[in-house]
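Below: the structure, in structure tokens.
The values are calculated or read from the model by the stated rules, or taken from the named source; none is laboratory data. If you're wondering where the values come from, they're calculated on a predicted model, not measured in any experiment. Cβ atoms come from the backbone with ideal geometry, glycine included; neighbour counts cover every protein chain shown.
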């Protein structure tokens, strides 16, 4: 009897094991960076579900990220909810906002979809500034250290924070892997590749895209909520258009439509900006040049190129 | 001041906004209409016009009025050349594929912003108006320069209109817009038309910026508002429709002047952005456009 080894699953579990090993091995500074990178990677994974798999190029994901950020932060500071339930609230907020936006925005496609999502996110950003009385606008909300723990887990401490980020990342990665290999994941890809043919086969494009966008929003909301609770700060700048562009950049860099690509994109971009920062203060230039170079020379990203040349089976 | 004169003041302010907005938005509308390119870096071309105007007026050792006239000529030319380069080096190689060009122009946006921050610095800097006199209305005095901005913008727009409808260049542009393959079959160099249109669109934004910079100051982040407002105008007016763009610029500029005089500007912006999103969802051809097919 032969045992069929699930290579793709093994590879992604290997990535998680590597990150767990780094918890003990990584130097303090990089340890702290990795915690942040894992949280942002969850956001990027969410973006990838919409853009990479379903083909929905949104320029408004900052709105869903912000829903998570403010959903969690305001549940704690205004609502007096403990951090655990606040995380759930933030995640739900991301999903609900994404579904609501999707109900309207998904009536459009292509360029119009990009502009509509951009406009909704911009309206959300301005609303956060307008409601400064509660959201504290640009200055932002700082969550007191005493409120940032789940049960016995103190998230202000580096160690537990890393493990909590890893737990969230693991859940996100495995659900993502399961989702894209499920029948529904295949239908998502069908929407990206040829919507008309998928419709002819009896699938409802609007419904599929709406569900995909809502899942994407849940990811963004979860990442936002985790960011708020782990790093204790929530500000309007995190809802600005730049935070809609960044996940697009990460996903393009790592490889759109690959499960581990978003993580790789965040990792490479984070350290690219970090090392560029030691050479020059022109970090915006790095982002700009990376975007242009990616669409010109490597539209499939790192893992996309790897998949094309070496590992055809990579999910 | 009574309500009547106050409203008149708001309307004139709105007319100044409309004039500058119309110039910027027509540039965006041209690139979209003819090339089908959504240029997210359009606001940065506007910013580049204002920033380069500061350099020209502060470096040229001539009287302010003359220096300003030079800026009005040189800055759009410079910005146009930058845009033509961006088109030839980046957009053309992407085959003008819509989604890739949006991502690429976002990249150009960041590059130009960083270039301005590095060369120009983070401060807002004023440019002197070429002349200073006040026109005295019965109720209030008003800056003569602002009225001149309205006249100048109208003149440039009339020029664009004539270029498009009465010249061979305009004919070639319109032919490319309608069917680029047939145009190419008739010997039109479509690549050159695209580069020219992209440069012209950027130059129009730069002219608008040079005109407004004595009123508003130059700053490396000043591109965001014109970009957003131009998008709003172009969408409300119907994507690619020049006449619609002009009507919408007038409408948005005037209502912006009136609304921000009487209400909070942030609230006005929230309502405007939501309105645009809803127009795109429910009337994608714009409020003035004809239904497409």
- Quick one: is residue A:235 in contact with a strand residue (DSSP E or B) (Cβ under 8 Å, 6 or more places away or on another chain) and surrounded by fewer than 24 Cβ atoms within 10 Å (Cβ to Cβ)? yes
- Message: I'd like to check something: does the range A:27-49 contain any residue that is in contact (Cβ under 8 Å) with a residue 24 or more places away in the chain, closer than 23 Å to residue A:129 by Cβ and not in a helix (DSSP H, G or I)?
- Response: no
- Only one of (1) away from chain A (no Cβ under 14 Å); (2) surrounded by fewer than 19 Cβ atoms within 10 Å (Cβ to Cβ); (3) under 21 Å from the mean Cα position of the chain (by Cα); (4) at pLDDT below 80 does not apply to residue B:243, and that is (4)
- Query: Where in the range A:249-311 are there helices (runs of 4 or more DSSP H), lying wholly inside it, with at least 2 residues that are within 14 Å of chain B (Cβ to nearest Cβ), out of contact with any strand residue (DSSP E or B) (no Cβ under 6 Å at 6 or more places or on another chain) and at pLDDT 80 or above?
  - Reply: A:261-279, A:283-297
- Exactly one of (1) under 20 Å from residue B:84 (Cβ atoms); (2) out of contact with any helix residue (DSSP H, G or I) (no Cβ under 7 Å at 6 or more places or on another chain) is unmet by residue B:208. Its number? (2)
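One line per residue, one yes/no per condition, for (1) within 16 Å of residue B:50 (Cα to Cα); (2) surrounded by fewer than 23 Cβ atoms within 10 Å (Cβ to Cβ):
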position	(1), (2)
B:183	no, yes
B:191	no, yes
B:196	no, yes
B:199	no, no
B:210	yes, no
B:219	yes, yes
B:232	no, no
- Query: So which of A:115, A:96, A:88, A:141 is more than 10 Å from chain B (Cβ to nearest Cβ) and modelled with pLDDT under 85?
  - Reply: A:141
- Query: Only one residue in A:220, A:214, A:228 is touching a strand residue (DSSP E or B) at 6+ places or on another chain (Cβ under 7 Å), closer than 25 Å to residue A:118 by Cβ, surrounded by 17 or more Cβ atoms within 10 Å (Cβ to Cβ) and modelled with pLDDT of 85 or more. Which one?
  - Reply: A:228
- Query: Looking at (1) over 30 Å from residue A:24 (Cα atoms); (2) crowded, with 18+ Cβ neighbours inside 10 Å; (3) in contact (Cβ under 8 Å) with a residue 60 or more places away in the chain, which is the one condition that is false for residue A:113?
  - Reply: (3)
- Message: Whether any residue in the range B:204-224 is within 14 Å of another protein chain (Cβ to nearest Cβ) and in a helix (DSSP H, G or I) is what I want to check.
- Response: yes
- Item | Count - residues of the range A:125-134 that are surrounded by fewer than 24 Cβ atoms within 10 Å (Cβ to Cβ), within 14 Å of another protein chain (Cβ to nearest Cβ) and touching a residue at least 40 places away in the same chain (Cβ under 8 Å) | 1
- Message: Within the range A:186-209, take every residue that is farther than 13 Å from residue A:55 by Cβ and under 25 Å from the mean Cα position of the chain (by Cα) and give me the one that is surrounded by the most Cβ atoms within 10 Å (Cβ to Cβ).
- Response: A:206
- Residue set B:73, B:60, B:85; condition out of contact with any strand residue (DSSP E or B) (no Cβ under 9 Å at 6 or more places or on another chain), within 14 Å of another protein chain (Cβ to nearest Cβ) and either under 20 Å from residue B:213 (Cα atoms) or surrounded by fewer than 16 Cβ atoms within 10 Å (Cβ to Cβ) (or both); output residue B:85
- With B:103, B:149 as the choices, which residue is facing chain A (nearest Cβ under 10 Å), surrounded by 13 or more Cβ atoms within 10 Å (Cβ to Cβ), part of a helix (DSSP H, G or I) and in contact with a helix residue (DSSP H, G or I) (Cβ under 6 Å, 6 or more places away or on another chain)? B:103
- Task: Tell me which of these residue B:117 doesn't satisfy, since it passes every other one: (1) touching a helix residue (DSSP H, G or I) at 6+ places or on another chain (Cβ under 9 Å); (2) away from every other protein chain (no Cβ under 14 Å); (3) in contact (Cβ under 8 Å) with a residue 24 or more places away in the chain.
- Result: (2)
- Task: Being under 18 Å from residue B:200 (Cα atoms), part of a helix (DSSP H, G or I) and out of contact with any strand residue (DSSP E or B) (no Cβ under 8 Å at 6 or more places or on another chain) narrows it down to one of B:177, B:114, so name that one.
- Result: B:177
- Item | Residue within the range A:170-178 that is closer than 23 Å to residue A:34 by Cα, touching a residue at least 40 places away in the same chain (Cβ under 8 Å), more than 14 Å from chain B (Cβ to nearest Cβ) and in contact with a strand residue (DSSP E or B) (Cβ under 6 Å, 6 or more places away or on another chain) present | no
- Item | Enumeration of residues in the range B:267-286 that are assigned to a helix (DSSP H, G or I), crowded, with 16+ Cβ neighbours inside 10 Å and facing another protein chain (nearest Cβ under 7 Å) | B:269, B:270, B:273, B:274, B:276, B:277, B:280, B:281
